[in-house]
Structures are given as C-alpha cells and as structure tokens.
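One structure is given here, and the rest of the page talks about it.
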C-alpha cells in the first residue's frame, strides 16, 4: 500500500472521528476500534489507544515504544515471517510537553468468517474440530518461527475458510516477543484460549502430532496452565469488584 496516498485522508478521519458518520465501531471498551471506507473504496481499521496515565505518557515518550508503534512494527514483522495479520498501513503518535497524548494504529480491514471465540461458544459449528486442529497447527507454526503472541486469546485470531483449509489473522498485536521458547512456554501460550476440557484435549492431541512430544505431557501442562490462568483471572475480578464496592459505599 502506498502510504502517501492515504496519509492525508486518514489524518482527516482521525481529526473528525467524533463526527464521522460512516464509521463502524468494532470495539469500544478499553480502546476504540473503528472501520472506515476511504475515497477509493479501500476499507481500513483505525485503533485509537486509550490515553495513557501520567507515568506511561512519559515512558512512551522517552523509554518505551508506544502500543501503536509496537503494533505497526510487530505487524510488519509478522508479514515478513509469512504470518497472517491485516496489512499494516501506519501508526500515528501525538505528543505534548509531558509525553504521549494520543496514538493510533491503522491497518487494512480483513473480512472474516469467525474468530476463535465462536469455537468456545458454539460446538455445533460443522467443521469445529477441523478449525481447532488447523488453529493448533497455526500456533505451532508461530512457535517454530519464535513468535510468542502474549495476547493469544479468543478474540484475537480472525478465521477464514478457504477451499477446504483455513486462513488465520492475528490482531491486537502490541504484546509480542520474538525469541526461542521453551517447551513449557509454548504450551502456556494456549492458557487464555478456552475453559473447555474437550478443546484442550483436541489441541493437545494436534500439538503432540506437530511436535512429537507426548500427548499426556502436553495435555497435563495445557490444562494446568489454563486452570492457573482462570484462577488468577477470577481472583483479580473479585478484588476489583471489592474495590469498586467500597468506592461506591464511601461515595
């Protein structure tokens, strides 16, 4: 994609995003993710990252790359390694005297059939097991390429069916590591994906076929890492709810 053709148009969209009638909101919780159609018909996604707190404002200016910059650089690296992700277009950072004020990551829009999340909620999908096994092979490929996708979670893989096979696209890319992984680190990478034991069994079986490691070893590790993650997640939720309860009570 020739960036200079789109930079001015994208800048205008961002400047007028609050009044952009044609925008479609894809996500609006922590970060705002919207889809837009450019003048030549090309569809793009703009991710507006949450305004950082005071410490991160300074950190992102002087010590660390912003989430937008990391997203762009990681997407570019994934493309170079032959891993599916929406085509990166650019990132935008706006600074003031204190540090990073706002930041955006812009990529092409990828139409998709489903995400991994649907596999966790709808077991009636006709090719459910085929997709799950293909996804496991895709994850093994990531590991072989020394890609540790730290946010390997249900909503962050887009899936397209294609002529009896499947294409996978990673999104939400700002937390990745590119380095060799131990066997345990590889298996731990599955911990955030599902709470369903049957899915863990299928992924363990397929990963064993890919890696040559023991199914029992993989399953026990994957199941334990999954339970560990779930316990940690729910502890944090309970603590957060207690804090919010006391705040409301005091007010």
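Would you tally the residues in segment 89-131 being crowded, with 20+ Cβ neighbours inside 10 Å, in a helix (DSSP H, G or I) and touching a residue at least 60 places away in the same chain (Cβ under 8 Å)? So the count comes out to 2.
Looking only at segment 206-222, count every residue that is farther than 21 Å from residue 134 by Cβ and not in a loop (DSSP other than H, G, I, E, B) and tell me the total. Give the derivation first.
So in segment 206-222, the residues farther than 21 Å from residue 134 by Cβ come out as 214, 216-217, 220-221.
From the residues that got through so far, the ones that are not in a loop (DSSP other than H, G, I, E, B) too are 216-217, 220-221.
Number satisfying all stated conditions: 4.
Out of all the residues in segment 147-176, which are exposed (fewer than 13 other Cβ atoms within 10 Å of the Cβ) and farther than 19 Å from residue 203 by Cα? Result: 162, 163, 164.
Taken as a whole, segment 84-97 holds at least one residue that is farther than 24 Å from residue 159 by Cα and modelled with pLDDT under 90. Quick check: anything in segment 63-78 under 22 Å from residue 138 (Cα atoms), in contact (Cβ under 8 Å) with a residue 60 or more places away in the chain, under 22 Å from the mean Cα position of the chain (by Cα) and assigned to a loop (DSSP other than H, G, I, E, B)? No, the conditions are met nowhere in segment 63-78. Kindly indicate whether any position in segment 155-176 is in contact (Cβ under 8 Å) with a residue 60 or more places away in the chain and in a helix (DSSP H, G or I). No, every residue in segment 155-176 fails to be in contact (Cβ under 8 Å) with a residue 60 or more places away in the chain and in a helix (DSSP H, G or I).
The values are calculated or read from the model by the stated rules, or taken from the named source; none is laboratory data. Keep in mind it's a predicted model, so treat the numbers as computed, not measured. Please note: Cβ atoms are built from the backbone with ideal geometry, for glycine as well, and neighbour counts cover all protein chains shown.
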